[in-house]
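Report on one structure; see the data block that follows.
The values are calculated or read from the model by the stated rules, or taken from the named source; none is laboratory data. Here the structure is a predicted model, which means the values were calculated and not measured. Methodologically, a virtual Cβ is constructed for each residue, glycine included, from the backbone with ideal geometry; neighbour enumeration extends over all protein chains shown.
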Amino acid sequence: MPDTDLDQLQRDLLAAIEASAGVDALEAVRVHALGKQGAVTALLKSLGAMTPERRLVDGPPIQALREAAAAAVAARKAALEAAALDARLASERVDMTLPVDTGPVGSVHPVSQVMDELAEIFADLGFAVATGPEIEDDWHNFTALNIPETHPARAMHDTFYVVPSPLRGRGKSREAAKGEGQYEVPSSPGQPLSPTLSPEGEREQKMLLRTHTSPVQIRAMLAAGGSQPIRLIAPGRTYRSDSDATHTPMFHQVEGLVIDRGITLGHLKWTLETFLKAFFEREDIVLRLRPSYFPFTEPSAEVDVGYTLEKGKRVIGGSGDGWLEVLGSGMVHRKVLEAGGYDPAEWQGFAFGCGIDRLAMLKYGIDDLRAFFDGDARWLRHYGFAALDVPTLSGGVSS
Ligand code: DAH
């Protein structure tokens, strides 16, 4: 295209690019010049029909024109986009002073709060937190804890037994399963849900809802292989068939277990005293260890804390006015050590068990246990704790 004035075309194009007021206008100019039907594209296409000699002369200025146009489009595009962003930033300012609607905010249940406080306090004493299954077998819940089949303590625990379905996973009819001497599901409502063992009497088949957190002691000892010291607490849900103002079928306990060489009752007393002072956040906590009986400890002691009456209310601390029972404890029975795989000639230990719900009631002045598990949001708003306030020993465990 010898008759096209390349310089003029370039001047016109660059002026149009520079003059385009928006991205759309710029795009129209780009298509007009560099698009399939564009003027510059047509010039480039004409190179194909030229003789090689001619192309050597006309080619470079046409290429230069294309490059200049493309560069100008890119520069103008960047400038237009930057200007658009500046305009948006100027117009869409965030007003930080406007009130925020946060919506409903949850709170931490007192039981969860107390569990966190316990974990914090015992972590400071070098205790780990352990857990165990809530559906437990008879052996871990009773037998290994020195509560044999005929022991009266079993009756005291009001156990919920779990009766496995005779059909589950067997692909057989109920009648066929019964015929093989599997579990019988009691038919009348009044009948106790105590499972009948298969003739082989497989102990692991007899399942129940754990009646206390003590089976975690056995599980922890077996896991430690009878050869390592143990220091743990085990908080969690426990179950007994019992219901009134101070008992619910599901409740919470925390177990404590220390196994080492040379452990004495002195270690137990110091640990409990340190724990209760930190928990109730008072230095004037007075403990009373009362001789008691638990099958899994020997000797055993129930632990009371003293209270003082202030304007007719019981306040934990001092010992002027009376005692409140808070936990059971003792030195781990040698049979329990043996069941856990520890040699009682070498290893000693202490243990304790404590109702978490009761601890929460005593510390936070809540009187009806049943309200804990009603799920009433108003109750939670009143007794709950701020979600992000993590208990710390330095900041106050219940701050
Ligand atoms: N497991 C007992 C209960 O539920 C509480 C208990 C007492 C636990 C003494 C212990 C202990 O570890 O040493 O009543």
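Key figures
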item: Elements of type helices (runs of 4 or more DSSP H) contained in the range 127-196, each with 1 or more residues being at pLDDT 70 or above and either over 31 Å from the mean Cα position of the chain (by Cα) or of a type in the set (A, V, I, L, M, F, W, C) (or both); result: 138-141, 152-156
item: Members of the range 340-350 that are surrounded by fewer than 23 Cβ atoms within 10 Å (Cβ to Cβ) and more than 14 Å from the ligand (Cβ to nearest atom); result: GLY341, ASP343, PRO344, ALA345, GLU346
item: Members of the range 315-331 found to be surrounded by 14 or more Cβ atoms within 10 Å (Cβ to Cβ) and either more than 22 Å from SER292 (Cβ to Cβ) or not hydrophobic (A, V, I, L, M, F, W, C) (or both), listed by number; result: VAL315, GLY317, GLY318, SER319, GLU325, GLY328, SER329, GLY330
item: PHE294 being out of contact with any Pro (no Cβ under 8 Å at 6 or more places or on another chain), buried (at least 16 other Cβ atoms within 10 Å of the Cβ) and farther than 19 Å from GLY365 by Cα; result: yes
item: Among (1) touching a residue at least 12 places away in the same chain (Cβ under 8 Å); (2) surrounded by fewer than 16 Cβ atoms within 10 Å (Cβ to Cβ); (3) over 60 Å from the mean Cα position of the chain (by Cα), the one test that GLY22 misses; result: (3)
item: Qualifying residue in the range 351-360 (condition: more than 16 Å from the ligand (Cβ to nearest atom), at negative phi and either out of contact with any Pro (no Cβ under 6 Å at 6 or more places or on another chain) or modelled with pLDDT of 95 or more (or both)); result: yes
item: Any hit, the range 355-366, residues being assigned by TED's automatic domain parsing to the domain that holds VAL254, more than 23 Å from the chain's Cα centre (by Cα), more than 19 Å from ALA153 (Cβ to Cβ) and surrounded by fewer than 16 Cβ atoms within 10 Å (Cβ to Cβ); result: yes
item: 3 or more residues within 16 Å of the ligand (Cβ to nearest atom) and in the same structural domain as MET115 (by TED's automatic domain parsing): qualifying strands (runs of 3 or more DSSP E) within the range 235-332; result: 250-260, 287-294, 297-310, 322-332
item: Every residue from the range 64-106 that is within 26 Å of ASP7 (Cβ to Cβ) and free of Cβ contacts under 8 Å to residues at least 12 places away in the same chain; result: ALA64, GLU67, ALA71, ALA74, ALA75, ALA78, ALA79
item: Selected residue (criterion: farthest from the ligand (Cβ to nearest atom)) from residues of the range 367-387 that are in a helix (DSSP H, G or I) and either aromatic (Phe, Trp, Tyr) or surrounded by 21 or more Cβ atoms within 10 Å (Cβ to Cβ) (or both); result: TRP379
item: The range 317-335 residues that are on the phi > 0 side of the Ramachandran plot, paired with ones that are near the ligand (Cβ under 9 Å from one of its atoms) and in a loop (DSSP other than H, G, I, E, B) (beta carbon under 8 Å, 6 or more apart); result: GLY330/PHE296
item: Residues located in the range 221-257, provided they are in contact with a Pro (Cβ under 9 Å, 6 or more places away or on another chain) and exposed (fewer than 15 other Cβ atoms within 10 Å of the Cβ); result: ASP242, SER243
item: Check on ILE121, touching a residue at least 12 places away in the same chain (Cβ under 8 Å), of a type in the set (Val, Ile, Thr), closer than 27 Å to LEU388 by Cα and surrounded by 14 or more Cβ atoms within 10 Å (Cβ to Cβ); result: yes
